[in-house]
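So the structure is just underneath, and the comments pick up after that.
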Amino acid sequence: MKYHVPVLLNESVEGLNIHPKGIYVDATFGGGGHSAAILSKLNGGHLFSFDQDSDAKQNALESEWFTFVHHNFAYVKNFMQYFEVEAVDGILADLGVSSHHFDDAQRGFSFRFNAPLDMRMDRSVKKSAADVVNEYDEQNLTRVFKTYGEIANARRLAQEIVARRSESPILTTDDLKRIGQRFCNPQTESKYLSQIFQALRIEVNNEMQALKDFLVGGLQILKPGGRFVVITYHSLEDRLVKNFFKTGNVEGELSQDFYGNVQTPFVAISKKVIVPSDEEIKENNRARSAKLRIVEKHG
Ligand SMILES: C[S@@+](CC[C@H](N)C(=O)[O-])C[C@H]1O[C@@H](n2cnc3c(N)ncnc32)[C@H](O)[C@@H]1O
């Protein structure tokens, strides 16, 4: 099975405005689709591609101008310092999980297969989805389902989980699926279960904090005139990226100079958010929720 089909490939790589001798970061290497396209435009430059999942290493590209970094993109600034790179010409991130995560039954990301409730992208971290489901108190579980899954009856779902686990631990995707099925009807089941699984995945992988750290670090290492290109897949991360690109901070607060002029580190390259064409969505259903934003750091 194919590891991953890259989404908005041409639009995002064009957005980087690549110089053949430039230095670029692909924060989310995955199957390497975006990285291969970036690398094909380099001649003497360098591409550093991050992925926290060791499975992605199998796709590493053979080139003297390529370095695979098996780490969390939250530390992008530290790693660039480690590689003695002062500033980069462009950064791309294609957020979330890859098709490989959903299709590998054993990883526990999908309710299509019965598997241990894992959902860790980086399997060296301790906390799995089973730990969240069995150890968080009702209030904390409600927060996760409400904030990261935007689930309307989050509290009732959390209460049910707490009641069930006192009888026996919830250890598999099927255990969780059976609980979720009690709170939805067959027409909405797939959407509802996706929201539950998405919420847990975001919590397990600390995705929102990693994204914040990445955006802040990325802005610091980007050269003036450098491009920041991000593809998001759900409203929480899209809102964060949109506000960061507008204001240059994760709080999304506009700052003004003495004369009242708004201070912002970026110029928008795509005035409006870019979404995949109907044709792309038809060929790759996983592209359907993608949103691409492109900015350039003030020169
Ligand atoms: C949507 S896929 C990227 C697919 C890739 N653009 C391609 O063309 O194949 C996202 C990838 O980013 C990785 N990832 C997600 N969050 C990460 C993080 N905080 N640090 C490093 N890698 C991360 C995942 O393991 C996954 O392989």
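Selection of region 200-233 for residues being touching a Phe, Trp or Tyr at 6+ places or on another chain (Cβ under 9 Å), away from the ligand (no atom under 12 Å from the Cβ) and more than 16 Å from ILE294 (Cα to Cα) yields LEU200, GLU203. Filter region 210-257 for residues that are over 21 Å from GLY15 (Cβ atoms), charged (D, E, K, R) and touching a residue at least 12 places away in the same chain (Cβ under 8 Å) and give the result. Scanning region 210-257 gives LYS212, ASP213. On inspection, LYS177 fails the criterion of being open to solvent by 30 Å² or more (accessible area, probe 1.4 Å), assigned to a helix (DSSP H, G or I) and not assigned by TED's automatic domain parsing to the domain that holds VAL133. Contact map, region 76-96: first residue of a type in the set (Phe, Trp, Tyr), second residue more than 15 Å from the ligand (Cβ to nearest atom) and assigned to a strand (DSSP E or B), Cβ cut-off under 9 Å, separation 6 or more or different chains; pairs are PHE83/HIS46. Looking across LEU254, LEU215, LEU200, LEU193, one residue alone is in contact with a helix residue (DSSP H, G or I) (Cβ under 8 Å, 6 or more places away or on another chain) and open to solvent by 20 Å² or more (accessible area, probe 1.4 Å). It is LEU254. The lone criterion from (1) within 16 Å of the ligand (Cβ to nearest atom); (2) part of a loop (DSSP other than H, G, I, E, B); (3) in the same structural domain as THR147 (by TED's automatic domain parsing) left unmet by VAL250 is number (3). Scanning region 37-55 for residues that are in contact with a strand residue (DSSP E or B) (Cβ under 8 Å, 6 or more places away or on another chain) and of a type in the set (Gly, Ala, Ser) turns up GLY45, SER49.
The values are calculated or read from the model by the stated rules, or taken from the named source; none is laboratory data. No experiment lies behind these values; they were computed from the predicted model shown. Here Cβ is always computed from backbone atoms with ideal geometry, including for glycine, and neighbour counts include all displayed protein chains. The accessibility values were calculated without ligands, DNA or RNA, using every heavy atom of the protein model including side chains. Shrake-Rupley method; radii C 1.70, N 1.55, O 1.52, S 1.80 Å.
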